[in-house]
Each structure stands twice: as C-alpha cells, then as structure tokens.
Amino acid sequence: MKQLNNICILIVNTLTREEIFVAKNAAIKTTPRFKPFWLITSIVVLAIVMFLPTPRNLPFMAKSALAILIFAVILWVTEAVAYPVSATMIVALIILLFGFSPVQNLSESLGNPQSNGVLLKDDALFGTGNALKLAFSGFATSALALVAAALFLATAMQITQLHKRLALIILSIAGNKTNRIVLGTILVAIFLAFFVPSATARAGAVIPILLGMIAAFGVSKQSKLAGLLVITAVQAVSIWNIGIKTAAAQNIVAISFINDQLGTDISWGQWFLYAGPWSILMSIALYFIMLKIMPPEEKELPGGKILIQQQLKEMGPITGKEWRLITISIMLLIFWSTEKVFHPIDSSSIILLALAIMLTPKIGVMTWKEAESRIPWGTIIVFGVGISLGNALLKTTAAQWLSDQTFGMMGLNQYPIVVIIALIALFNILIHLGFASATSLASALIPVFISLTTTLDLGNQSIGFVLIQQFVISFGFLLPVSSPQAMLAYGTETFTVKDFLKTGIPISIIGYLLIILLSVTYWHWLGLI
C-alpha cells in the first residue's frame, strides 16, 4: 500500500521538476515530440505497479486501474507521445488488464458484468468484451457530444473569420492608449468566451491582431508592450475558461463525472451564476496586475485605432454566412442561459441542434468537407478516453482507495469545509505545474475528488466541493507549459518564461484567495457549500 503511494508521489515530483526545467530553458514546443525515455519509463512503472503485492482492501482490477492512471499521467505530463496516441494506448491497456482481471465483488459498481448473458462470478475474469465497453464508455456520454459540437462551432468561427471581426470591432472601440488597448484585450477574451468554445481558438483570434498592431508601429517583439498585450490576452482567456461552462473542455469532463456519480446536472446558467463573479473580479485584478508588473514603454500607439479600422475594411462587409452564424450563436447563448428556467433542453442537445443548422446546405455556414479538415479529431478521442479512464477509476473503487490512502490519512475530516477547500485547492494548483492539459488533469483528479467527498462524508456539500476544485483545475497561470493557449502565446517570442511567471504568481495568489473568500461568502450564501 505504501509502495503504491510512494511511487505516485515520486513520479509527480520528478515530472514536475522536469517540466519546470524544460520551461526555464525555453524548450517548450507546440508540436509534441516522441520521447522514448519517458515512454519506456511509463511502461516500466506500469509493470512495477502490476507486480507489487495487491493490498488486502484493494481489488486487483482497481490496482490495474491505478497502474493505467500512473502510466497515463507520465505520458500526459511529459508528452512522450501525442495525446491521441496516448489515448489509444490507454484503451489497449484497459482492454488487456481489465479483461484478464477477476471481478472480485465489483459486479454492482461495474453494472453486473456478463459473459454470453450469464452473470460473472467473483473468481471469473472480467473479459475483454466487458473491458472494451468500459474503455469506450466515455464515448457514450452527452459530454462528448457537447465537446464535439463545440469544436464544430469553433471551426465555423474560423471559416467565417467572425471571431476575428468581433475582436477587431472591440479593439477599434478601445482607442489608441495602451491601457485602453489592454482593457480592450480583456474585453475581447470575455466576449469571445461566450461564443467560441475553445481557449486555443480564442487566443488564436486576438493574438495575431495584437502582433499586427505591434509590428505596424515598429515596436520590438521583445518590448514590454508586446509582452504585456500577449500575456494579458492569454491570461484573460484562461480566466474565462472558469467563468463559462462551455468555454473549456475540462469543464465538460467535470460535469460528466458530477452528473454520473453525484446525480446532478449543472446547467449553463447555474455554472455562470457560480463561476461568473469569480472571473469578473479576476478580470479587474488582471488589468491592474498587468499594468503594474509590465508597464509599457509607450502610453499611446498613435494611429492604432485607424490601423484596426483598416483591417476591418479589408475584411469587407459582414457576409451572409457571418450573419447566419451570428444569429445561430445568439440563439445558442439564449437557449444555454435559459436552460432549466424556460425550457428543459440540456446544453449538449442545444448545441447539436445548432450544429445541424450550421451544416444544412443553403441555410448553414459551412459544408462537411470544409469542417472535417479543420476539426481536431484527436481532441475528441482524448476527451472520450479521459472520461473512460475516470469511469474505470470510479467503478473499480480505485479512486476511492486512492482518496482514502492519501487525503483520508491527512485527517481532513477534522477541518471545516472551507479549510478543506483551501488545502485541496493548493494541492491542485501545484500539481498543475506538471500538466500541459487541464482536460487530462480533470480526467485524473475529478474522480479522486468525487471519492474524497465520500471519504470526508461531505453530504450536500459534495457538489460544491468538486465544482470549486474544477475551477482551480483551470488555473494554469504560472507557466506557459500549463495550457495550450499559453504555449501558443509563448511561441510568439514576445515574452520569456520569467515574464509569464512574474505575472502568473500574483494572478494565482489573488485567484486562490478569491476562491477562499467566495467559499466563505457568495458560494455559501447560494447554498453551493
């Protein structure tokens, strides 16, 4: 038992140091590279865990789930292989290790597994057929449908360039003064978060515009102004990943587990009611933090407004496709925000109906051929497999065992709920240093946090506790390696890792303190905790 815990702790510490070292030496790559050493390491560690003596209170299948989790974490943190490749490996391991594991009193949590219509006995093997169903269980969720449809919506924005037009309009209103441009950059991130359900797409819309302004006025890419604008853009995007349910895939991962395990579906409006105030307050804090830590050399960019208007002019008038996409997006937002208030249609169903309209010939905005080449299909695969792995951890009781052996032994049940939230949130922030994907982090941690609510007997506070920890999973403010949108920004060479860290530390501290403050006040008043 202690050996399993020690292996987990050693791996997390080692990998976190590795990623920080890579970040400090500016070796961050947006394109994943094959890293044989880490792939071999993940396989060796997997084998070691499988051959360790199985603790008496841990079923063999649960130990297999933990071994696969450790294998997955190593691949995710080190990016030894591309994420879709790691997802395929995880599926293969679930089929093999679970298929040849004994059921061992897990029939109830696993849904009474059968072989040829006959219920399996405790000493029978789970079977590869049943393991296959579990490996693909994440693909049979409404959460996957929501993410897939959201990617199509983001693609429609890119095809029509509507997100770029919206960003230009907001920045043209901001004016020439640099502090107003900073404010405009934050407002763009906020506005796009409602309509573009992809953090990378939102960052990809605004950052090129900012770089164009910098280049047009002969300002160096290494200037404080360039770093100020680009870092502001990416941090604002990350902040609003938390504020809006559909803004980031990791939110949908959490909602899927909460719905399945805790029996509660959190609507778009409920999420915004809980998380929106945090993001609004953090956006205000971001404005002052950025101007204080990275004051620009120039107080004004003469002609900046004219330049933006010129780019708008070059885009031409709003096209018919853009008007149709605007209409679809507004209707989508209205239906999302009124879910469970004026109608019973869930978020996933709403966006799928919108997708059907977007793809319909003549009245839609894109063809299937236009969309399919731009959709990141690998993201959908990783998302589905991540949910499958989480389901495996929960259904085999591996997540519960891990919770009992780590957080359970810390005596957290002696503390008030706010203290527990504060301690776990701090752990959450630190462990994110080693993850480049918040979706992967959510897949690994949310099942453990759900099990922790049982360990601590949180009762009605369980949903609030898990939801707040999900907010913290999206932090990723400290290092460029902590999120895809930050790595995209880092690739512009407008700032260093040190610059990002200098701004990320106060953002993380204020965000963390605000989590605690809202837990004591606002979220408590709403009955969330």
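Computed from the coordinates by the stated procedures, all read-outs in this text should not be read as laboratory data. The structure presented is a predicted model; accordingly, all values stated were derived computationally and were not measured. Cβ: placed from backbone, ideal geometry, glycine included. Neighbour counts: every protein chain shown.
Would you mind pulling out the separation of the Cα centroids of region 384-412 and region 305-376, in Å?
38
Compute the long axis of helix 417-431 from its Cα atoms, compare it with the longest principal axis of the Cα atoms of the chain, and write down the angle in degrees, 0 to 90, nearest 10.
80
What lysines does residue 362 reach when the alpha-carbon gap must be under 27 Å and sequence neighbours fewer than 8 apart in one chain are set aside?
Counting by Cα, and skipping residues close in sequence, residue 362 has these lysines nearby: 164, 313, 321.
Of 310, 348, 187, which is farthest towards the positive pole of region 142-372's charge dipole, taken about the Cα centre with +1 and -1 on the beta-carbons of Lys, Arg and Asp, Glu respectively?
310
Considering the dipole of the chain built from charges on the beta carbon (Lys and Arg +1, Asp and Glu -1) around the Cα centre, which of 453, 231, 68 is farthest to its positive end?
231
Considering only Cα-Cα distances, which of the following residue pairs are longer than 27 Å: 133/340; 177/502; 224/305?
Cα-Cα > 27 Å for 133/340; rest within.
Place a +1 charge on the Cβ of each Lys and Arg in the chain and a -1 charge on the Cβ of each Asp and Glu, then give the dipole magnitude about the Cα centre in debye, rounded to the nearest 20.
Result for the chain is approximately 1060 debye, rounded to the nearest 20.
Considering amide H positions built from the backbone, and no H for Pro or chain starts, which residues 5 or more places from residue 300, or on another chain, come under 5 Å of its amide H?
178
Using only Cα atoms, tell me the angle between helix 497-520 and the longest principal axis of the chain; keep it within 0 to 90° and round to the nearest 10.
Helix 497-520 sits roughly 70 degrees off the main axis of the chain.
Could you point to the residue in 294, 178, 368 farthest towards the positive end of region 142-372's charge dipole, with +1 and -1 charges on the Cβ of Lys/Arg and Asp/Glu respectively?
Projecting each Cα onto the dipole axis, the largest value belongs to 178.
Listing 308, 70, 280, 463 from the residue with the fewest other Cβ atoms within 10 Å to the one with the most, what is the order?
280, 463, 70, 308
Using only Cα atoms, find the angle between the long axis of helix 249-262 and the longest principal axis of the chain, and express it within 0 to 90 degrees, rounded to the nearest 10.
The answer is roughly 40 degrees.
Whats the longest run of the chain with zero GluC sites (Glu not before Pro) that are DSSP loop and have at most 15 other Cβ atoms within 10 Å?
For GluC sites (Glu not before Pro) (loop position, at most 15 other Cβ atoms within 10 Å), the longest site-free span of the chain is 299-492.
I need the trypsin sites (Lys or Arg not before Pro) found in region 193-266, filtered to DSSP loop residues with at most 16 other beta carbons within 10 Å of theirs.
221
So what is the 222 nm mean residue ellipticity for the chain from helices alone, if each DSSP H run of at least 4 adds -39500 (n - 2.57) and you divide by all residues, rounding to the nearest 500 deg cm²/dmol?
So the calculated ellipticity at 222 nm is -22500 deg cm²/dmol.
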